[in-house]
Amino acid sequence: MRYTTRTCGQPLRWAALFGCLLWLPFGALARQAPDTTQRTNAAYEAQRNKVNELLDQRSARFGQFNQSLEQRTGIFGLKTKKDMQASIDILKQIVLTDNDIFRETKQLLDFKDFEKTQIAEQASEFDGRINGYIKTISKLQQEQERLQQELRSLHQTNRRYLGLLLLTLAALIVWAAFFFRRRKKLTKA
């Protein structure tokens, strides 16, 4: 029976070892992921802050534009060419700021698209690894079943040989008893 227990425990030890090896890559990835995620989040936040600053600049310039529209430095409270040029210059700055906002927002969206692509690639890679691990586990389970079947077969063979040995020993004892009796009879006679 000790042989059976030790042999049956062997696949369990292998399964435990395989389980530990299975989770090692995930542990390494889990340690790497926060660092990458933190860098990604920091870059995203910096870009977002840049867009927010540009939006604040646009709001401030729009306020300046409203003030310039109300400015009338001409005779009888009329607008002068200089007042109108100041309003046009502020409007040009607003348009340039809008262009910067669009450009930076596009970078922000590209950044998010890149992040989504990267996450999808990682998910695909993890799926591939998991499928590989599942196949390996399946193969190991099949191998374990085959070894258990072989072990049962060896136990049956062992029992047959043990029975045959006991039968042979019993026959030998009967033959020896018969031989000694006959010898006693021959020596008495």
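The values are calculated or read from the model by the stated rules, or taken from the named source; none is laboratory data. This structure is a prediction, so every number in the text was calculated from the model and none was measured. Counting neighbours? That spans all protein chains shown, and the Cβs are built from the backbone with ideal geometry, glycine included. Just so you know, the surface numbers come from the protein's heavy atoms only, side chains and all, with ligands and any DNA or RNA stripped out. Shrake-Rupley method; radii C 1.70, N 1.55, O 1.52, S 1.80 Å.
About its Cα centre, the dipole of region 124-189 is roughly 1260 debye, where the only charges are +1 on Lys and Arg Cβ and -1 on Asp and Glu Cβ. If you wrap the tightest convex hull around every Cα atom of region 62-169 and split its volume per residue, you get 82 Å³.
Which of rounded, prolate or oblate describes region 112-175 when judged by the alpha-carbon gyration tensor and an a/c cut-off of 1.5? Prolate, because a/c is 1.5 or more and a/b exceeds b/c. Semi-axes of the equivalent ellipsoid for region 149-189, computed as √(5λ) from the eigenvalues of its C-alpha gyration tensor and ordered from largest down, come to 39, 4, 4 Å.
Protection proxy ranking, highest mean first, for peptides 104-116, 82-94: 82-94, 104-116, where packing is the per-residue count of other beta-carbon atoms within 10 Å, averaged. Can you tell me the FRET efficiency between Gln93 and Ala120 if r is taken as the Cβ-Cβ distance and R0 is 41 Å, rounded to the nearest 0.05? So, using R0 = 41 Å, E works out to roughly 0.50. Taking the Cβ of Gln118 as the centre, find all other residues whose Cβ is under 11 Å away and add up their charges (Lys, Arg: +1; Asp, Glu: -1). Result for the local shell: -2.
Within the accessible area of region 80-119, the carbon and sulfur atoms contribute 66%, probe 1.4 Å, all protein chains present.
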